[in-house]
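What follows is a short report on a single structure.
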Amino acid sequence: LKNTIAIVGRPNVGKSTLFNRLVGQRKAIMDNESGVTRDRHYGHGEWTGKYFTVIDTGGYVHNSDDIFEGEINKQVKLAIDEADVVLFMVDADSGMHGLDEEFANTLRRYIGKKPIYLVANKADTHARAHASGEFYALGLGDAEIFPISSQNGAGTGDLLDAVVAHF
Ligand code: GDP
Ligand code: MG
């Protein structure tokens, strides 16, 4: 698949909400399907005349922090293998989480090999967008942080501009 974007990150940061916004349909794995384990979901979208495929990763049971290093590695490996651009999503509302650091540790070894964007979701307000600077502490090289709201769409245009520049 050409022009592929993978969204990775711990449960409940809003990966599926962004996926649905990018593909314009409610197709992703959502909370109300909890208990259903699926590895990935593909959708298609378009931005400024460029067409892309989005992969929504994460088939773990929701509302649980009970995910394991092996699952993180599997999700990241899938994303790295199949995607041209990786969106690493964190939660600007709840702030830094231990699992974010585990994802960052796994992603760090791919810096320079594949574009990785740090996406601080749930930045519904300017205050939250501003506070998302705390995620620079994840140490992902020069990765710029894109504060977005998958719910109200704020910041998603700037993010897509940066992403489709690779296509
Ligand atoms: P996933 O587990 O990473 O796929 O996360 P989901 O997309 O299922 O979203 C988890 C929860 O966060 C849901 O209740 C969403 O409605 C909520 N959510 C997603 N994006 C946003 C956002 O931009 N702002 C706010 N306030 N909530 C969001
Ligand atoms: Mg999901």
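Coordinate-derived values only; no laboratory data. Everything numeric here is computed off the predicted structure, so don't read it as measured data. As a convention, Cβ positions derive from the backbone with ideal geometry for all residues, glycine included, and neighbour counts pool all protein chains shown.
Which links in 2/114; 50/77; 2/122; 77/122 stretch past 20 Å when you go from one Cα to the other? Listed pairs above 20 Å: 50/77; 2/122; 77/122. Residue ranges 81-93, 107-119 sort as 81-93, 107-119 when ordered by packing (mean number of other C-beta atoms within 10 Å per residue, highest first).
Taking the radius of gyration and the Kirkwood hydrodynamic radius from Cα positions alone, what is the Rg/Rh ratio for the stretch 67-167, to two decimal places?
Numbers: Rg = 13.2 Å, Rh = 13.9 Å.
In the stretch 67-167, Rg relative to Rh is 0.95.
Length gained on full extension, residue 152 to residue 94: 19.1 nm, using 0.36 nm per residue less the C-alpha separation.
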